[in-house]
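Right, one structure below, let's go through it.
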Amino acid sequence: MKRVLITGAAGFLGSHLCDRFIKEGYHVIGMDNLITGHLSNIEHLMPLEQFEFHHHDVSKFVHVAGKLDYILHFASPASPIDYLKIPIQTLKVGSLGTHNLLGLALNKGARMLIASTSEVYGDPMVHPQTEEYYGNVNPVGPRGVYDEAKRFQEAMTMAYHTYHNLETRIVRIFNTYGPRMRLNDGRVLPAFIGQALRGEDLTVFGDGSQTRSFCYVDDLVEGIYRLLLSDYAQPVNIGNPDEITISQFAEEIIKLTGTQQKVIYKPLPKDDPMQRQPNIDKAKEILGWEPKVSRAEGLKITYGYFKSLPEEKLFDKDHKNFEHYIK
Ligand code: NAD
Ligand code: UDP
């Protein structure tokens, strides 16, 4: 049986990846320190013999007994609210955490895939973003802790590939959504749906003309799975090119949820990218991949998930107590 280590396993994307690898017949080792994730995302896997969970901070030395075929490094705070609250941990997991896992991969002869992001393009001057674009990132702005950690992560991964001949893969993930996102993580989709469910107005930042392109989680997981098994070591964008302004997105959520609330406008956060849309020609050509789930379909499933959550989760605005981790 092939063995895969998935870091960030209790998070949104990590938990869906665990599901996929279990389904494909792998032995899955999930690792997480639960700083932004929750065990409820993987509790259905706990009884399985094929699954084991290690509560561990990957910024510290990582030990896993036995052989490993693959490592997928998905541990990192991912929402702007989270990484502003825990900036040092964000920098550490992208740098020290990545270094530890690359060392482990080398030691085990495992192939390593890292979760990079469209944030490496910063506030892009090229549209749509191709993998060749180097980006427009402010290293000392609020997003710098995340963006630069991810850029360092890519550089470190490529160095292990070049100097140690390690098998590596780099996925640049564009905004992805679906069940198991944290309702209060501040990202725009859970923010809007949470507001609609609580009967609050929807907060659009800036004038709402900034754009994003949202990918449903199942499509993303398929793209990642194909990339891992491919022989392509350069970065690949995975995302859905269907671009929308944030104002239009708020209107879609109002329609979907049937809320009587309205849109209110709040200041645009510093360095908030004005436009974002993946060019996915590489993914199409190399992986034969493209997204299949429309935003209408994906939003319906995701809304169903949020509606099914117990009421206390809806009003629990800060169920993550970051203070505990801040030394
Ligand atoms: P998430 O916050 O739901 O999951 C991240 C998980 O990593 C959490 O369970 C958290 O507890 C864990 N974690 C954080 N630091 C850790 C550490 N030091 N040691 C062990 N575990 C740690 O976020 P997500 O949306 O699932 O994002 C997962 C990955 O995908 C991240 O690397 C993120 O940068 C990347 N990504 C996500 C998106 C997206 O749209 N969801 C877009 C681009 C990139
Ligand atoms: N946004 C918004 N209202 C919110 C949360 C986010 O208008 O309550 C905007 C945010 O300013 C950004 C976009 O929605 O332009 C996407 O934000 P998110 O935090 O989801 O991810 P980003 O793509 O910025 O990392």
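Bear in mind these aren't lab numbers, they're just calculated from the coordinates by the rules spelled out. On a predicted model such as this, the values are computed, not experimentally measured, just so you know. Ideal geometry is used to build each Cβ from the backbone, glycine not excepted, and the neighbour counts take in all protein chains shown.
Per residue, the Cα convex hull of region 148-275 amounts to 121 Å³.
Can you tell me the relative contact order of region 5-144? Whole percent, Cα pairs under 8 Å, sequence separation 6 or more. Numbers along the way, then the final one.
Numbers: 207 pairs, mean separation 30.5, N = 140.
Averaging sequence separation for qualifying contacts and normalising by length gives 22 percent for region 5-144.
For the pair region 198-248 and region 132-184, the centres of their Cα atoms are 15 angstrom apart. Residues whose amide H falls under 5 Å from that of THR203, counting only those 5 or more places apart or on a different chain, are ILE264, with hydrogens built in the peptide plane. In the chain, taking the dipole from charged Cβ atoms about the Cα centre, the farthest positive-side position among GLY199, TYR83, LEU48 is held by LEU48. Computed about the Cα centre, the dipole magnitude for region 24-123 is approximately 360 debye when only Lys and Arg (+1) and Asp and Glu (-1) carry charge, each at its Cβ. Pairs of Cα atoms nearer than 8 Å and 6+ residues apart set the relative contact order; for region 89-151 it is 42 percent. So what does log10 I(q)/I(0) come out to for the chain at q = 0.15 Å⁻¹, using the Debye formula with one equal point on every Cα and no solvent? Log-scaled intensity ratios, in q order: -1.33. In order along region 254-261, the phi-based Karplus estimate (6.51 cos²θ - 1.76 cosθ + 1.60, θ = phi - 60°) of 3J(HN,Hα) comes to 4, 5, 4, 8, x, 5, 8, 6 Hz; Gly and Pro are listed as x.
Counting only Cα atoms, I'd like the Rg/Rh figure for region 222-264, Kirkwood definition for Rh. Looking at region 222-264, the ratio lands at 1.28. Dipole orientation for the chain: of the candidates PHE152, GLY304, HIS164, HIS164 has the Cα lying most toward the positive pole (charges on Cβ; Lys, Arg +1; Asp, Glu -1). Chymotrypsin sites (Phe, Trp or Tyr not before Pro) within region 133-195: which are DSSP loop residues with at most 12 other Cβ atoms inside 10 Å? Taking region 133-195 and a limit of 12 other Cβ atoms within 10 Å, the loop chymotrypsin sites (Phe, Trp or Tyr not before Pro) found are TYR134. Loop-located GluC sites (Glu not before Pro) in region 1-85 (DSSP state not H, G, I, E or B) with no more than 12 neighbouring Cβ atoms inside 10 Å: GLU24, GLU43, GLU49. When the chain is treated as a GNM with alpha-carbon contacts under 10 Å, the residue of ILE170, ILE286, ILE246 showing the greatest mean-square fluctuation is ILE286. Under the criterion of Cα pairs below 8 Å and six or more residues apart, the relative contact order for the chain equals 17 percent.
Annotation note: GluC sites (Glu not before Pro) in region 105-171 located in DSSP loop regions with a Cβ neighbour count of at most 15 within 10 Å are GLU132. Panel note: the C-alpha atoms of region 35-145, placed on their principal axes, show extents of 48, 30, 26 Å (largest first). Taking the charge dipole of the chain about its Cα centre, with +1 at Lys and Arg Cβ atoms and -1 at Asp and Glu Cβ atoms, the residue from HIS63, ILE224, GLY109 reaching farthest to the positive side is HIS63.
Once the Kirkwood radius over Cα pairs is known for region 241-303, the Stokes-Einstein relation at 25 °C and 0.890 mPa s delivers a diffusion coefficient of 170 µm²/s.
Taking every DSSP bridge with both residues inside region 174-327, close to 35 percent are antiparallel.
Between the alpha-carbon centres of region 1-47 and region 99-128 there is a gap of 19 Å. The orientation-averaged projection of the convex hull spanning the C-alpha atoms of region 60-105 amounts to 3.4 square nanometres.
Rounded to the nearest 20 debye, the dipole size of the chain about its Cα centre is 400 debye, using +1 on the Cβ of Lys and Arg and -1 on the Cβ of Asp and Glu.
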